[in-house]
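Report on one structure; see the data block that follows.
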Amino acid sequence: MKSFRALVCALAILAAIGSASFAAYAHSPSIQPRSVAAATSIAKLQQRLLKIVNKERRSLGAGPLTLNSKLSSCALRHSIAMQRSGKQFHDITHDVCIAHNYDGENVGHQNGKPLAALKKINKQMWNEGPCPVKLVKGLVCTPFGNAADFALWEAHSHYLNLTCKLFSVIGIGIYIKNGWTWLTEDFVGYYHKGDPRSTFCTNRKNGGV
């Protein structure tokens, strides 16, 4: 954790296909705020980050995300669990705790002042950009293909989650401890079988469909 560079990791899952776990489930610790002031501060940070993300989505023609309090509580449990374990991991099966059939997750942590840390994490995610329009024959930008397909998708996965037009709701879990800000963003949406929007948000020009 000596680097000042934001550390980020992303996971996106199409619920109808099935979930993929990249780490064992960690017991969810208490998430009661230490004080009203602390809770208010976190709420302000959530709104600042939401505003940044929605501005970016708007620039690509994607609709705004709505912050969900229950989903944010579940995301917070995950951020606390990551901080206590000292590492980033995904457990989207337990983290996404509201009804949906399409979901994704971004996580990251960064030292420094909380708002600046969140901006750094978001900037690094955004800078990944969309998957290349022109791909090597046989290569697909998806987490459900072979190792090469997954590696390509992973290199752009945070951006794809942030800009995916299928997502309409977000949970933002922010946990600050010992000078580090730990972030979990859980995205959910809905699609219908046969709907052209049901294409997985991967190699589209703007990350959406």
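The values are calculated or read from the model by the stated rules, or taken from the named source; none is laboratory data. It should be emphasised that the depicted structure is a prediction, and the values quoted were computed from it without experimental measurement. Cβ coordinates were reconstructed from backbone atoms using ideal geometry, including for glycine residues, and neighbour counts include every protein chain displayed. What goes into the accessible areas is simple: the full protein's heavy atoms, side chains included, and nothing from ligands, DNA or RNA. Shrake-Rupley method; radii C 1.70, N 1.55, O 1.52, S 1.80 Å.
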- [ ] Determine, for each peptide in 134-147, 109-122, 84-97, the mean count of other beta carbons within 10 angstrom over its residues, then list the peptides with the highest first.
- [x] 109-122, 84-97, 134-147
- [ ] With a ≥ b ≥ c taken as the square roots of the eigenvalues of the C-alpha gyration tensor of segment 88-168, please select rounded if a/c is under 1.5 and otherwise prolate if a/b is larger than b/c or oblate if it is not?
- [x] oblate
Open item on the list: Starting from the 7 Å offset along Cα-to-Cβ, what nm value, one decimal, do you get for the label separation of Lys123 and Thr40?
Closed with: 2.9 nm
Open item on the list: Ordering Tyr175, Tyr159 by accessible area with a probe of 1.4 Å, largest first, what comes out?
Closed with: Tyr175, Tyr159
- [ ] Step through the table entries Lys134/Lys165; Lys70/Lys134; Lys87/Lys113, compare each Cα-Cα distance with 30 Å, and write down the pairs that go over it.
- [x] Lys70/Lys134
TODO: Take the alpha carbon gyration tensor of segment 58-120, find the square roots of its eigenvalues, order them as a ≥ b ≥ c, and report rounded if a/c is under 1.5; if not, report prolate when a/b exceeds b/c, else oblate.
DONE: oblate
